[in-house]
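Novice: Attaching a single structure in structure tokens format; questions to follow.
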Amino acid sequence: MSLEDVHCKTEFSKGDAGAKMTAKDMLKITVNLVVIYIIGGLILALVYATTSPIMFKKGEEEKQAALKTMMPEADTISAIYQITDDSIKSVRNEGVPDDVITQLKNLSKEWFIGKDKFLGFLQEKIGTEKSNQYESIFLKSFKISDWYPHKKHAEYYVAQKCAEVKVKKTTDEKTGEVKEEKECIGPQDIGYIAEGFGKGYSSYINLLVSVDKDFTVKKISILHHAETPGLGDEIEKDYFLKRFENKSVDNLVVVKGETKDKVEAISGATISSRAVTEDAVRNGVKMLKEKLSGGVKDGSHS
Amino acid sequence: MAHIHKSNWELIKNGIFAENTIFRMAISLCPSIAVTNSLKNGFFMGVSVIFVQVMVNLTVSLIRNFVNPKIRIPIFMMVIAGYVSIIDMTMAAWARPVYKQIGLYIQLIVAFASIFARAEVFAVKNKVVSSVCDGVGMGIGFLLAMIIISFFRELFGKGALWGFPIVSGNPLLIMVLPAGGFFAVGLLMGFFNWVDMKLAERKAATETTE
């Protein structure tokens, strides 16, 4: 018996069912598969459509909560606003009328730290009514403290301490409610906070990093990641995050084994450690240094 | 299939003892080594698996008459991946604190052999109630195995349990590293085999004396 015979025999016994399959059977199977997959896809789409806005909102809330802990000594943590030619264009696309656009074009191009200050400036220059009407569009379009690590939207902030905080109490005459308005007098920049993304072992690691005015790292807080449990997820732990304290950009380097001035990797999770240190944190600090070096100059904002 | 004649209770017990995923069938060994370096990890992984296993068994059993046997594999894949995604998204939206704890584990389950094996071996051939019971049994069996392995690994490797220090002194670091996982699984598997043999011997002895 030749080898070929053996081959033919096994082929025959194995492919019994396959040989009988007609075009109709194939069509049936295909339709079967497609229908079940479409149903599955629809269910997933439905679940995603209902959960994703809530997921996004909760994520945003958590970020805001984490932001407050990044610099406990700061009185305000604010985004930066500036009127630029590009953002005026995007405001126009949002449907803001031409007369407001012309007013905006004549305004100064200085920086404003904090949305209250920026809105105050707008109210003064273009009138309370108009600035209130388009408030959300203005805030979205004129915010310049955005950056895009790994093509993802991230933000950065300025942390300020006030020389004095004045609390204005106003009583609403109709309801009798007492409202407290805090006014910050003599704000001083004490540090900066950046949101960053790092490409880890199995996910993008999303975090916040705060630095002082010399751009040395103060604190890190991991917002989201999907690294391996038991190995990569150690990046969340305090003992690892403490290794970043008081490190400058040059020392944000991962080292295997003990080190004094660099960052020691987590054993078994070098990729995740690198992603946090050399991707997310280092790039975040570098970006802050590039954009805000020398501080946001006093006088460039009112 | 022999399983069909078993009562629901027997099906659950079968998953926990006779066909325990890790110590008897030796499938899904990857999570039993990767996520058992602390009791907390092992516990949450086990709980997540129970849930996915039951839901997958239920669904596969429900749709078993509509699925052509030739395409069952891709359908099972979709059911498993679908459940994992649904659970992941739902928890991220409505159960944030739980999600923070077990979100990472849920995603890993997509690739578990044990889930797939039960869909292929049991759920696709059996009625809904039996399949759910089988899922519960297999899930609990997996959870218990994870708890036992991680209990010893964390105790010997870190001198702690659930993150709380129990024993002071120098722990055996190797037990929390991947190599320790192999030791723990191997030794425990050996131990359970030994117990099995002893039980069988005793049974044989009592039978002969009668």
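Novice: Pop out the ³J(HN,Hα) list for the stretch A:175-185 in order, Karplus 6.51 cos²θ - 1.76 cosθ + 1.60 with θ = phi - 60°, rounded to Hz; leave Gly and Pro as x.
Specialist: Calculated HN-Hα couplings, in order: 9, x, 6, 9, 9, 10, 10, 9, 10, 9, 10 Hz.
Novice: Using the alpha carbons of the stretch B:85-210, what is the convex hull volume per residue in cubic angstrom, as a whole number? Don't skip to the answer; put the middle values down first.
Specialist: Numbers: hull volume 23.4 nm³, N = 126.
It is 186 Å³ per residue.
Novice: Can I ask one more? Quantify how strongly other chains surround peptide B:167-177 by giving the mean number of their Cβ atoms within 10 Å of each of its Cβ atoms.
Specialist: Numbers: counts 0, 0, 0, 0, 0, 0, 1, 0, 0, 3, 3.
For peptide B:167-177, the averaged partner shielding equals 1.
Novice: Another question about this same structure. Just to check I understand the Karplus step: with θ = phi - 60° and J = 6.51 cos²θ - 1.76 cosθ + 1.60, what whole-Hz values come out for the stretch A:108-118, glycine and proline as x?
Specialist: Once θ is set to phi - 60°, the couplings for the stretch A:108-118 become 5, 9, 6, 8, 10, 9, x, 6, 4, 5, 5 Hz.
Novice: Measuring from a point 7 Å past the Cα of A:Asp116 along Cα-to-C-beta, which residues in the stretch A:183-211 have an amide N at less than 15 Å?
Specialist: Those under the cut-off are A:183-188.
Novice: Determine the shielding of peptide B:80-88 by partner chains: average, over its residues, the number of Cβ atoms on other chains within 10 angstrom of each Cβ. Don't jump to the answer; show the numbers that get you there.
Specialist: Numbers: counts 0, 2, 7, 0, 0, 5, 6, 1, 4.
That works out to 3 on average.
Novice: Could I have the simple spin-label model distance between A:Lys105 and B:Asn8, label points 7 Å from Cα toward Cβ, reported in nm to one decimal?
Specialist: A separation of 7.6 nm, rounded to one decimal place.
Novice: Would you mind giving the total buried accessible surface between chains A and B, with a 1.4 Å probe and ligands, DNA and RNA left out, rounded to the nearest 100 Å²? Can you show the working numbers first?
Specialist: On the way: alone 18870 and 11580 Å², together 28020 Å².
Chains A and B together bury approximately 2400 Å².
Novice: Long-range amide H contacts for A:Glu155: which residues qualify at under 5 Å (H placed 1.01 Å from N, peptide plane, sequence gap of 5 or more or a different chain)?
Specialist: A:Trp147, A:Glu195
Novice: Also, quick follow-up: Using a simple spin-label model with points 7 Å from Cα along the Cα→Cβ vector, what separation in nm is obtained for B:Ile166 and A:Met26?
Specialist: It is 6.1 nm.
Novice: Same structure, new question: Calculate what fraction, in whole %, of the accessible area of the stretch A:196-246 sits on carbon and sulfur atoms when a 1.4 Å probe is rolled over the protein chains. Spell out each step's value before the answer.
Specialist: On the way: 950 of 2110 Å².
Of the solvent-accessible surface of the stretch A:196-246, carbon and sulfur hold 45 percent.
Novice: Please give the peptides A:220-233, B:128-141 ranked by average Cβ packing (other Cβ atoms within 10 Å per residue), highest first, as a rough proxy for protection.
Specialist: Values: A:220-233: 21.2, B:128-141: 23.5.
Listed from highest to lowest mean packing, they are B:128-141, A:220-233.
Novice: P(r) for the stretch B:37-77, please, calculated from all Cα pair distances in 5 Å bins and given in %.
Specialist: Spelled out bin by bin, the stretch B:37-77 gives 5, 20, 20, 15, 13, 11, 8, 5, 2 percent.
Novice: Moving on to the next point. Roughly how many Å is it from the Cα centre of the stretch B:92-121 to that of the stretch B:144-185, as a whole number?
Specialist: Here the answer is 23 Å between Cα centres.
Novice: Moving to a separate point now. By average Cβ neighbour count within 10 Å, what is the ranking of A:69-81, A:199-211, B:180-192, A:270-282 from highest down? It would help to have the intermediate numbers written out before the result.
Specialist: Values: A:69-81: 18.5, A:199-211: 21.6, B:180-192: 16.8, A:270-282: 23.8.
Averaged packing, sorted descending, gives the order A:270-282, A:199-211, A:69-81, B:180-192.
Novice: Anything over 19 Å Cα to Cα? Flag those among A:Lys161/A:Lys262; A:Lys57/A:Lys242; A:Lys109/A:Lys182; B:Lys6/B:Lys70; A:Lys242/A:Lys289; A:Lys213/A:Lys247, in the order listed. Before the final figure, lay out each step's value.
Specialist: On the way: A:Lys161/A:Lys262 30 Å; A:Lys57/A:Lys242 29 Å; A:Lys109/A:Lys182 26 Å; B:Lys6/B:Lys70 28 Å; A:Lys242/A:Lys289 21 Å; A:Lys213/A:Lys247 13 Å.
The answer is A:Lys161/A:Lys262; A:Lys57/A:Lys242; A:Lys109/A:Lys182; B:Lys6/B:Lys70; A:Lys242/A:Lys289.
Novice: Something else now. How large is the accessible surface per residue of the protein assembly as shown, computed with a 1.4 Å probe and reported in Å² as a whole number? Kindly include the intermediate steps, with their values, before the conclusion.
Specialist: Working: 28020 Å² over 512 residues.
Computed with neighbouring chains in place, this is 55 Å² per residue.
Novice: Follow-up question, since we're still on this one. Please quote Rg/Rh for chain A to two decimal places, taking the Kirkwood radius as Rh and restricting both calculations to Cα atoms. Intermediate results must be reported in sequence, preceding the final value.
Specialist: Values: Rg = 28.4 Å, Rh = 23.8 Å.
Using only Cα positions, Rg/Rh for chain A is 1.19.
Novice: Over the whole of B:29-35, what's the average partner chain Cβ count within 10 Å per residue? Rounded to a whole number, please. Write down the numbers at each step before the final one.
Specialist: Working: counts 0, 0, 2, 0, 1, 4, 5.
Partner-chain Cβ atoms within 10 Å, mean over residues of B:29-35: 2.
Novice: Rounded to the nearest Å, what's the spacing between the alpha carbon centres of the stretch A:203-280 and the stretch A:96-130? Just the number, please.
Specialist: 40
Novice: Sort B:195-202, B:31-38, B:18-25 by the packing proxy (mean of other Cβ within 10 Å over each peptide's residues), most packed first. Mind showing how you got there, number by number?
Specialist: Numbers: B:195-202: 10.5, B:31-38: 25.0, B:18-25: 21.4.
Packing order, densest peptide first, comes out as B:31-38, B:18-25, B:195-202.
Novice: Where does the protein assembly as shown land at 222 nm, in deg cm²/dmol rounded to the nearest 500, when only DSSP H runs of n ≥ 4 count, each adding -39500 (n - 2.57), divided by all residues?
Specialist: On the way: 19 runs with 275 residues, N = 512.
Theoretical 222 nm ellipticity from helices: -17500 deg cm²/dmol.
Novice: Given the pairs A:Lys199/A:Lys286; A:Lys115/B:Lys100; A:Lys105/A:Lys140, which span a C-alpha to C-alpha distance of over 21 angstrom in this model? Intermediate values should be presented prior to the final figure.
Specialist: Numbers: A:Lys199/A:Lys286 17 Å; A:Lys115/B:Lys100 32 Å; A:Lys105/A:Lys140 17 Å.
Long pairs (Cα-Cα over 21 Å): A:Lys115/B:Lys100.
Novice: Also, I was wondering about something else. Show me, for the stretch A:74-81, the HN-Hα J-couplings you get by feeding each phi into the Karplus relation (A = 6.51, B = -1.76, C = 1.60, θ = phi - 60°), rounded to Hz, glycine and proline as x.
Specialist: Going residue by residue, I get 7, 8, 9, 10, 10, 7, 10, 10 Hz, with x marking Gly and Pro.
Novice: Here is a follow-up. Restricted to Cα positions, what overall size does the stretch B:98-162 have along the principal axes? Three whole-Å values, descending.
Specialist: Per principal axis, max minus min of the Cα coordinates gives 45, 23, 19 Å.
Novice: OK, next. Compute the distribution of all C-alpha to C-alpha distances in chain B, in bins of 10 Å from 0, and list the percent of pairs in each, rounded to whole numbers.
Specialist: Taking every Cα pair in chain B, the percentages come to 9, 30, 32, 20, 8, 1, 0.
Novice: What per residue convex hull volume, in Å³, comes out for the protein assembly as shown when only alpha-carbon positions are used? Working shown, then result.
Specialist: Values: hull volume 152.6 nm³, N = 512.
In the protein assembly as shown, the Cα hull volume divided by residue count equals 298 Å³.
Novice: Using modelled amide H (1.01 Å from N, peptide plane; none on Pro or chain starts), what sits under 5 Å from the amide H of B:Ser28, excluding residues fewer than 5 places away?
Specialist: Sorted by chain and number, the residues that satisfy this are B:Ala113, B:Ser114.
Novice: What is the distance, in nm, between label points placed 7 Å from the Cα along the Cα-to-Cβ direction at A:Ser202 and at A:Lys291?
Specialist: About 3.2 nm separates the two model spin labels.
Novice: Please compute the length gained on full extension between A:Lys89 and A:Ile185, using 0.36 nm multiplied by the number of residues separating them and subtracting their Cα-Cα distance. Working shown, then result.
Specialist: Working: separation 96, 0.36 × 96 = 34.56 nm, distance 3.37 nm.
Result: 31.2 nm gained on full extension.
Novice: Normalising by the residue count of chain A, find the relative contact order in percent from Cα pairs under 8 Å and 6+ residues apart.
Specialist: Details: 430 pairs, mean separation 40.4, N = 302.
Dividing the mean separation by the residue count of chain A yields 13 percent.
Novice: Carbon and sulfur: what percent of chain B's accessible surface (1.4 Å probe)?
Specialist: Details: 7460 of 10380 Å².
Of the solvent-accessible surface of chain B, carbon and sulfur hold 72 percent.
The values are calculated or read from the model by the stated rules, or taken from the named source; none is laboratory data. Predicted model only: the values in this text are computed from it and were never measured. Neighbour counts are summed over all protein chains in view; Cβ atoms, including those assigned to glycine, are modelled from backbone coordinates with ideal geometry. Accessible surface is based on the protein model in full, side chains and every heavy atom, while ligands, DNA and RNA are left aside. Shrake-Rupley method; radii C 1.70, N 1.55, O 1.52, S 1.80 Å.
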